[in-house]
Amino acid sequence: MQQLRSLMDNAVSLNSYYPFVGAIASDDYYITEKAYTTYTSAESKSAYAWGLVQESAVPNAIWVQSYKRILAANTVLDHFDNVDAGGFTLSERNAIKGEALFYRGFNFFQLSQVYAMPYHQDDAAAALGIPLKLSSDINEPISRATLAATFDQIIADLQMAISLLPASGTPLVRPNKIAAYAALSNVYLVMGRFTDALQNANAALALKSNLMDYNDFSLTTNNVIPLYNEEIIWQAELSLSSILNTSRLIIDSNLYRSYLPDDLRKPIFLNHPPRLVLIH
């Protein structure tokens, strides 16, 4: 059991290198044509251009890192019932299994947002989803599941994780019941199941609803918002892409204008001052 616990505590793999495609494809910023032309990462350029640029033939880091996390989760789930408890209490063992289910479901969801079409109930049973790797056996034949089957598996994993994970008292690098409720709420949101999304969001907030007071922040510090602050329910990081470097990134002026002059988020989120080109 200790080895399974150690697999789930590998923060370098499980809490890092999450997909950055959504951030790169966002319309909240842009880069100049010169910066785009001279940029060398085909992976990031493809995301920025919404797939209009062909990706490299080298396996995408998002794909590789996501399925590495799924492999770790499947390894725990495959061996969980066959290892000695080793002094771990029932709640501690449940947490290990719950974390594995969370990581598998959460990573399936992240992959679905990059490699599958948006979910629509009318065609989900026919549309292609992602390969659902449910075993640690690397020789297992696998094919691409439907979008409906993909989301069914994501929901099943996260719901089971909720039933097993503790509500609190865990390090930020370990997912808990709050993180699982929040993740499931996001899944239901993109599926258009808004009542279910609200129910799970409220369940998460019932367990933790802390808010930071932006009046307490100092704009003279390098990291205005503390990394491990009271609002964090589970800590994970995106992969880094230099296309988002502040030397290239230009904030969209419409976004900048959407903040009122006295809105504290404006100087905190958009730095001091932001790099932008005003469009009149």
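The values are calculated or read from the model by the stated rules, or taken from the named source; none is laboratory data. Quick caveat, the model's predicted, so the values are computed rather than measured. Here the Cβ is made from the backbone with ideal geometry for all residues, glycine too, and neighbour counts use every protein chain on show.
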Tally, over region 193-248, of residues that are surrounded by 16 or more Cβ atoms within 10 Å (Cβ to Cβ), assigned to a loop (DSSP other than H, G, I, E, B) and under 20 Å from the mean Cα position of the chain (by Cα):
8
Just to be sure I understand the filter: pairs with C-beta atoms under 6 Å, separated by 6 or more residues or on different chains, first member in region 214-241 and within 30 Å of residue 40 (Cα to Cα), second member assigned to a loop (DSSP other than H, G, I, E, B) and among the small types (Gly, Ala, Ser). Which pairs pass?
237/16
Looking at residue 46 and the list (1) among the small types (Gly, Ala, Ser); (2) at pLDDT below 95; (3) touching a helix residue (DSSP H, G or I) at 6+ places or on another chain (Cβ under 7 Å), which single condition is not satisfied?
(3)
Return yes when residue 112 is closer than 18 Å to residue 149 by Cα, small (Gly, Ala, Ser) and part of a helix (DSSP H, G or I) and no when it is not.
yes
Pull up region 156-192, narrow it to residues that are of a type in the set (Val, Ile, Thr) and either surrounded by fewer than 19 Cβ atoms within 10 Å (Cβ to Cβ) or not assigned by TED's automatic domain parsing to the domain that holds residue 208 (or both), then point me to the one that is nearest to residue 232 (Cα to Cα).
173
Looking only at region 30-41, how many residues end up being modelled with pLDDT under 85 and surrounded by 15 or more Cβ atoms within 10 Å (Cβ to Cβ)?
2
Considering only region 136-158, I want to know if a residue exists there that is of a type in the set (D, E, K, R), without any contact (Cβ under 8 Å) to a residue 40 or more places away in the chain, part of a helix (DSSP H, G or I) and more than 29 Å from residue 194 (Cβ to Cβ).
no
Checked against (1) crowded, with 19+ Cβ neighbours inside 10 Å; (2) of a type in the set (Phe, Trp, Tyr); (3) over 17 Å from residue 180 (Cα atoms), residue 80 satisfies every condition except (1)
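Checking the structure you have, find out if any residue of region 175-192 is assigned to a loop (DSSP other than H, G, I, E, B), farther than 30 Å from residue 33 by Cα and at pLDDT below 95. Reasoning before the result, please.
First pass over region 175-192, keeping only residues assigned to a loop (DSSP other than H, G, I, E, B): 175-176, 192.
So of that shortlist, the ones also farther than 30 Å from residue 33 by Cα come out as 175-176, 192.
If we keep only those that are at pLDDT below 95 as well, we get none.
Within region 175-192, none of the residues are assigned to a loop (DSSP other than H, G, I, E, B), farther than 30 Å from residue 33 by Cα and at pLDDT below 95.
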